[in-house]
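Below is one structure, written out as structure tokens; comments come after it.
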Amino acid sequence: MPQTQSTARTYKPEDLRVAVRSVLEVVRVPRYDAALVARALVAADQRGIFSHGLIRLPLYVTALESGGMNPTPNLRWRRTEGATAVLDADHAIGHVGMQAAIDRAIHLARRYGTATVAVERSTHYGAGNYWSDQLTDVGLIGILTSSTGPVVAPHGGRETILGTNPLTISVPSSGSHSLTADMATSAGAYGKVLAAREAGQTIPEGWAVGPDGTPTTDPATAIEGALIPFGGPKGSGLSVLLEALASSLSGANFAFETVDIWVNPAHRMNTGHLVIAIDPAFFDGLAHTRDRVATLQERVRTAGPSGDVQAPGDPEIARSNCSAGRIELAEAACLAFEQVLDRLNVPRPAALPLS
């Protein structure tokens, strides 16, 4: 879901993309890969997913400089068999490995009707809907998940042995946009907790516990303690199973085997991703699926007394449409971004007048 924030500056999306790309090129990321990461980070901010946008750039830069991320990876398909593949991402920025996985999944699904691609030795891949959009844009259904660093305690526990273990499911629609759910299986995304700490804000009740297991709304205390799964034992069970899917089909680490780059930016995390793509053409056809999904979307939207219920994906698309030509960033994100620009001698993008 999009996040609210106090606005400090407004920029043109293209100016932000140019600045991010330039920053990454300074730390030896090839131009094509730098442009990919820039597009993904800015797209997250455009959709109001600020926890996965430019606020991540300083960490990526530090990890690239320190060795936790490899700026020039040698991507290698370690296994390929029928509709499946395993990619060794060589500790790339997660977006780089994930783009290769998405491209392979599209190719395999077109051939076999379905594809399952696992990624190992990767890092954070950003907002899941950036990847699922690429699948639905070509008429495929997408199911994605990933392991992360250890920040979540299972239901009833206080030890951080799970990741936030995101789940993204997206189905093409003949409506205005695909039907997409993109969420962490923790009650709140870790990036949102970090963003709240940087902005001096609290987090909602029910998101986290402190080191002693006591519930907290202080993001700093939450980072010292643990996030908790959404939905009690049901969400906890889902999180555990997603971690199994993300990491057990390849040589990727589980969260409890990982040192997060937030903790040590020089550490190589060996994050695992999983992409499942399904081609409706091998079932009752793409047009059938798209029309049925559009019917479901509209029925969901009319389920309330005022007809104002939102279908999954509606809030993010609405936010993106509103910010097509301008992106509003909170003060904390702006300051962190500008510090990186200044340190690496990259020109600051010009801020637009606030509307």
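The values are calculated or read from the model by the stated rules, or taken from the named source; none is laboratory data. The shown structure was predicted, so the numbers you read here are calculated from the model rather than taken from an experiment. Note that we place each Cβ from the backbone using ideal geometry, even for glycine, and neighbour counts take in every protein chain shown. Areas reflect the complete protein model, heavy atoms only, side chains present, ligands, DNA and RNA absent. Shrake-Rupley method; radii C 1.70, N 1.55, O 1.52, S 1.80 Å.
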Practice problem: Identify all residues within region 157-181 that are buried (at least 24 other Cβ atoms within 10 Å of the Cβ) and closer than 16 Å to GLU243 by Cα; write none if there are none. | Solution: LEU162, GLY163, THR164, ASN165, PRO166
Quiz item: How many of the residues in region 238-286 are part of a helix (DSSP H, G or I) and either surrounded by fewer than 22 Cβ atoms within 10 Å (Cβ to Cβ) or not small (Gly, Ala, Ser) (or both)?
Solution: 14
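If only one of VAL96, VAL42, VAL37, VAL119 is open to solvent by less than 50 Å² (accessible area, probe 1.4 Å), under 17 Å from the mean Cα position of the chain (by Cα), at pLDDT 95 or above and over 26 Å from THR258 (Cβ atoms), which one is it? I'd like the intermediate steps shown before the answer.
Numbers: VAL96 fails: over 26 Å from THR258 (Cβ atoms); VAL37 fails: over 26 Å from THR258 (Cβ atoms); VAL119 fails: over 26 Å from THR258 (Cβ atoms).
After ruling out the rest, the residue left standing is VAL42.
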Quiz prompt | Sole exception among (1) in a loop (DSSP other than H, G, I, E, B); (2) at pLDDT below 95; (3) surrounded by 15 or more Cβ atoms within 10 Å (Cβ to Cβ) for GLY304, by number | solution = (3)
Quiz item: How do the pairs read when you match residues in region 181-195 that are closer than 16 Å to GLY210 by Cβ and assigned to a loop (DSSP other than H, G, I, E, B) with residues anywhere that are open to solvent by less than 30 Å² (accessible area, probe 1.4 Å) and modelled with pLDDT of 80 or more, using Cβ under 7 Å and keeping only pairs 6 or more apart or on different chains?
Solution: ALA187/LEU227; ALA187/PRO229; GLY188/ILE203; GLY188/LEU227
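If only one of GLY206, GLY139, GLY188 is out of contact with any Ser or Thr (no Cβ under 8 Å at 6 or more places or on another chain) and open to solvent by 10 Å² or more (accessible area, probe 1.4 Å), which one is it?
Values: GLY139 fails: open to solvent by 10 Å² or more (accessible area, probe 1.4 Å); GLY188 fails: open to solvent by 10 Å² or more (accessible area, probe 1.4 Å).
Going through GLY206, GLY139, GLY188 in turn, just one is out of contact with any Ser or Thr (no Cβ under 8 Å at 6 or more places or on another chain) and open to solvent by 10 Å² or more (accessible area, probe 1.4 Å): GLY206.
Could you check region 221-231 and list, in sequence order, the residues that are under 18 Å from the mean Cα position of the chain (by Cα) and within 18 Å of GLU159 (Cβ to Cβ)? Step through it out loud before you land on a result.
As a first pass, look at region 221-231 and keep what is under 18 Å from the mean Cα position of the chain (by Cα): 227, 229-230.
Those that are under 18 Å from the mean Cα position of the chain (by Cα) and within 18 Å of GLU159 (Cβ to Cβ): LEU227, PRO229.
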Quiz item: How do the pairs read when you match residues in region 218-243 that are in contact (Cβ under 8 Å) with a residue 12 or more places away in the chain with residues anywhere that are open to solvent by 50 Å² or more (accessible area, probe 1.4 Å) and part of a strand (DSSP E or B), using Cβ under 9 Å and keeping only pairs 6 or more apart or on different chains?
Solution: ILE228/PRO215; PHE230/MET183
Quiz item: When you scan region 232-259, how many residues do you find that are over 18 Å from ARG158 (Cα atoms) and touching a Pro at 6+ places or on another chain (Cβ under 7 Å)?
Solution: 0
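For (1) assigned to a loop (DSSP other than H, G, I, E, B); (2) in contact with a Pro (Cβ under 6 Å, 6 or more places away or on another chain); (3) free of Cβ contacts under 8 Å to residues at least 12 places away in the same chain, each residue gets a yes or a no:
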residue: THR116; (1), (2), (3): no, no, no
residue: GLY126; (1), (2), (3): yes, no, no
residue: TRP131; (1), (2), (3): no, no, no
residue: GLY149; (1), (2), (3): yes, no, no
residue: HIS155; (1), (2), (3): yes, yes, no
residue: GLU159; (1), (2), (3): yes, no, no
residue: ILE169; (1), (2), (3): no, no, no
residue: GLN201; (1), (2), (3): yes, no, no
residue: PRO211; (1), (2), (3): yes, no, no
Quiz item: THR289: under 26 Å from GLY142 (Cα atoms), assigned to a helix (DSSP H, G or I), open to solvent by 50 Å² or more (accessible area, probe 1.4 Å) and of a type in the set (Val, Ile, Thr), yes or no?
Solution: no
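Return yes or no: is ARG21 open to solvent by 60 Å² or more (accessible area, probe 1.4 Å) and either outside any loop (DSSP other than H, G, I, E, B) or farther than 27 Å from THR164 by Cα (or both)? So that I can check it myself, show each step before the final result.
Numbers: open to solvent by 60 Å² or more (accessible area, probe 1.4 Å): no; either outside any loop (DSSP other than H, G, I, E, B) or farther than 27 Å from THR164 by Cα (or both): yes.
It is false that ARG21 is open to solvent by 60 Å² or more (accessible area, probe 1.4 Å) and either outside any loop (DSSP other than H, G, I, E, B) or farther than 27 Å from THR164 by Cα (or both).
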